[in-house]
Amino acid sequence: MQEPRVDSIRNIALVGSTGAGKTSLVEALLHTAGVLPSMGSVLQGNTVSDFEPEEIHRQISVGSTVAHFSSKDRVFNIIDTPGAAGFVGETKAALRAVDGVIIVIGESGVRSDLESILAVVDDLRLPCVLFFNQLDKDRTDWSATLKACQEALKKPLLPVTIPIGAERQLAGVIDLMQKIALRSAKDHPKVQSGPIPADLEQSAMDSRKVLIEGVAEVDDRLLETYLSGAEVLSQDISDVLKFAFLRALSGVDRALGIAWYYVPGHDGGRTDSTSNGTTSPRGGYSMNSFTPG
């Protein structure tokens with residue numbers, strides 16, 4: 001077996017409150033990558049991450065677990081960390097061994113038990129993606145949760161996707177970068193792309209404008225392009241985001257791409273410079289919407 005190149009490896013920690021869905025996200029990632037033929041369930045006690053008898057009985061993680069898999073010549077080491085306050089030491093220890101963090105936000109939003117973890121993330125200046133989970137649950141409100149996260153994190157959040165539908169009608173997400181709709185089915189992990197629904201075109205364009213304006217603040221060349229009225233290319237946005245790391249994604253399949261492309265690897269790319277008051281690659285937050293499945 002060929003040894004992976006150092007620059008192809010990403011070590012990512014999943015953090016979040018108890019019940020946010022971190023362990024289920026690991027199952028979805030493994031299923032999407034083709035490692036698992038089907039996803040396990042926390043309720044059924046057959047997930048890869050929660051295998052200890054106490055975890056199965058309590059239906060929560062009590063220790064950090066590493067899930068290892070490859071996808072498109074990229075190697076991922078995903079650490080599923082506990083969300084319960086009593087096991088916060090496990091989570092804080094894991095944060096010192098990773099390149100970046102995916103903060104999983106469940107239907108309850110940002111709770112107090114997550115704040116101490118976020119403080120450590122901030123101290124370590126780890127790049128982060130916010131993954132909005134459980135948007136297919138009843139009485140969930142993506143816009144309200146986003147606003148609450150903005151207030152709690154006190155960091156700039158830029159959308160790269162917005163959801164299609166809400167609650168039980170959640171059907172997918174819109175990729176603001178590529179200007180396409182992404183949909184997936186519960187019985188199939190692969191994402192299908194298509195045109196943006198007509199009733200969401202204006203909302204998508206408004207959100208994309210927010211993304212471009214936020215990214216342009218950290219790059220003079222991109223700012224000049226935007227102010228001149230010329231089209232801002234998706235690749236230009238990606239290049240700037242890679243260094244500013246103000247990125248938001250949608251869906252499990254897309255989470256793999258963002259974790260590899262935007263989280264700095266072991267080959268460098270970890271500068272700490274800031275521009276116009278924006279966060280650096282080692283201190284930015286992003287957000288992500290969730291597709292059912």
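The values are calculated or read from the model by the stated rules, or taken from the named source; none is laboratory data. Computed from a prediction, not measured in an experiment: that's the story for all the values here. So basically every Cβ, Gly included, is an ideal-geometry build from the backbone, and we count neighbours across all protein chains shown.
Is it true that some residue in segment 79-94 is closer than 17 Å to Phe131 by Cβ, in a helix (DSSP H, G or I) and not hydrophobic (A, V, I, L, M, F, W, C)?
yes
Here's the yes/no breakdown for (1) at pLDDT below 90; (2) among the acidic types (Asp, Glu); (3) not in a helix (DSSP H, G or I):
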| site | (1), (2), (3) |
| --- | --- |
| Leu30 | yes, no, no |
| Leu36 | yes, no, yes |
| Gly40 | no, no, yes |
| Leu43 | no, no, yes |
| Asn46 | no, no, yes |
| Gly63 | no, no, yes |
| Val66 | no, no, yes |
| Ser70 | yes, no, yes |
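In segment 172-185, how many are among the hydrophobic types (A, V, I, L, M, F, W, C), touching a residue at least 60 places away in the same chain (Cβ under 8 Å), surrounded by 17 or more Cβ atoms within 10 Å (Cβ to Cβ) and out of contact with any Leu (no Cβ under 7 Å at 6 or more places or on another chain)?
2
The conditions are (1) in a strand (DSSP E or B); (2) surrounded by 20 or more Cβ atoms within 10 Å (Cβ to Cβ); (3) not hydrophobic (A, V, I, L, M, F, W, C), and Arg208 fails exactly one of them. Which is it?
Of the numbered conditions (1) in a strand (DSSP E or B); (2) surrounded by 20 or more Cβ atoms within 10 Å (Cβ to Cβ); (3) not hydrophobic (A, V, I, L, M, F, W, C), the odd one out for Arg208 is (1).
Give Gln169, Gln150 a once-over and let me know the one that is without any contact (Cβ under 8 Å) to a residue 24 or more places away in the chain, closer than 29 Å to Gln235 by Cβ and among the polar types (S, T, N, Q).
Gln150
Going residue by residue through segment 115-135, is there one that turns out to be among the basic types (Lys, Arg) and touching a helix residue (DSSP H, G or I) at 6+ places or on another chain (Cβ under 8 Å)?
Looking through segment 115-135, none of the residues is among the basic types (Lys, Arg) and touching a helix residue (DSSP H, G or I) at 6+ places or on another chain (Cβ under 8 Å).
Is it true that some residue in segment 30-37 is buried (at least 19 other Cβ atoms within 10 Å of the Cβ) and within 19 Å of Val121 (Cα to Cα)?
no
Which condition does Arg139 not pass, out of (1) farther than 17 Å from Leu211 by Cα; (2) surrounded by 16 or more Cβ atoms within 10 Å (Cβ to Cβ); (3) among the charged types (D, E, K, R), if it passes all the others?
All conditions are met except number (2).
This table checks each residue for (1) of a type in the set (S, T, N, Q); (2) over 24 Å from Ser112 (Cβ atoms).
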position: Ser8; (1), (2): yes, yes
position: Asn11; (1), (2): yes, yes
position: Gly16; (1), (2): no, no
position: Lys22; (1), (2): no, no
position: Leu29; (1), (2): no, yes
position: Thr32; (1), (2): yes, yes
position: Val42; (1), (2): no, no
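Filter segment 103-135 down to the residues that are over 17 Å from Gly83 (Cβ atoms) and over 17 Å from the mean Cα position of the chain (by Cα) and list them by number.
Answer for segment 103-135, where residues must be over 17 Å from Gly83 (Cβ atoms) and over 17 Å from the mean Cα position of the chain (by Cα): Asp123, Leu124.
Provide a single number: the residues in segment 63-86 that are within 22 Å of Val110 (Cβ to Cβ) and crowded, with 16+ Cβ neighbours inside 10 Å.
Of all residues in segment 63-86, those within 22 Å of Val110 (Cβ to Cβ) come to 64, 78-86.
Subset that is crowded, with 16+ Cβ neighbours inside 10 Å: 64, 78-84.
Counting residues in segment 63-86 that are within 22 Å of Val110 (Cβ to Cβ) and crowded, with 16+ Cβ neighbours inside 10 Å gives 8.
Applying the selection to segment 110-147, what residues are closer than 22 Å to Leu241 by Cα and without any contact (Cβ under 8 Å) to a residue 24 or more places away in the chain?
Asp123, Lys147
Hey, Gln134 hits all of (1) part of a strand (DSSP E or B); (2) touching a Phe, Trp or Tyr at 6+ places or on another chain (Cβ under 8 Å); (3) closer than 17 Å to Thr18 by Cβ but one; which does it fall short on?
(1)
Is at least one residue of segment 246-262 modelled with pLDDT of 75 or more and crowded, with 20+ Cβ neighbours inside 10 Å? Working first, answer last.
Here is the first cut: in segment 246-262, the ones modelled with pLDDT of 75 or more are none.
Checking segment 246-262: not a single residue is modelled with pLDDT of 75 or more and crowded, with 20+ Cβ neighbours inside 10 Å.
Considering every residue within segment 184-193, establish whether at least one is touching a Pro at 6+ places or on another chain (Cβ under 8 Å), at negative phi and at pLDDT below 85.
Looking for residues that are touching a Pro at 6+ places or on another chain (Cβ under 8 Å), at negative phi and at pLDDT below 85, one finds at least one in segment 184-193, hence yes.
Checking the structure you have, find out if any residue of segment 167-184 is among the hydroxyl-bearing types (Ser, Thr, Tyr), in a loop (DSSP other than H, G, I, E, B) and over 30 Å from Ala119 (Cβ atoms).
Among the residues of segment 167-184, not one is among the hydroxyl-bearing types (Ser, Thr, Tyr), in a loop (DSSP other than H, G, I, E, B) and over 30 Å from Ala119 (Cβ atoms), which makes the answer no.
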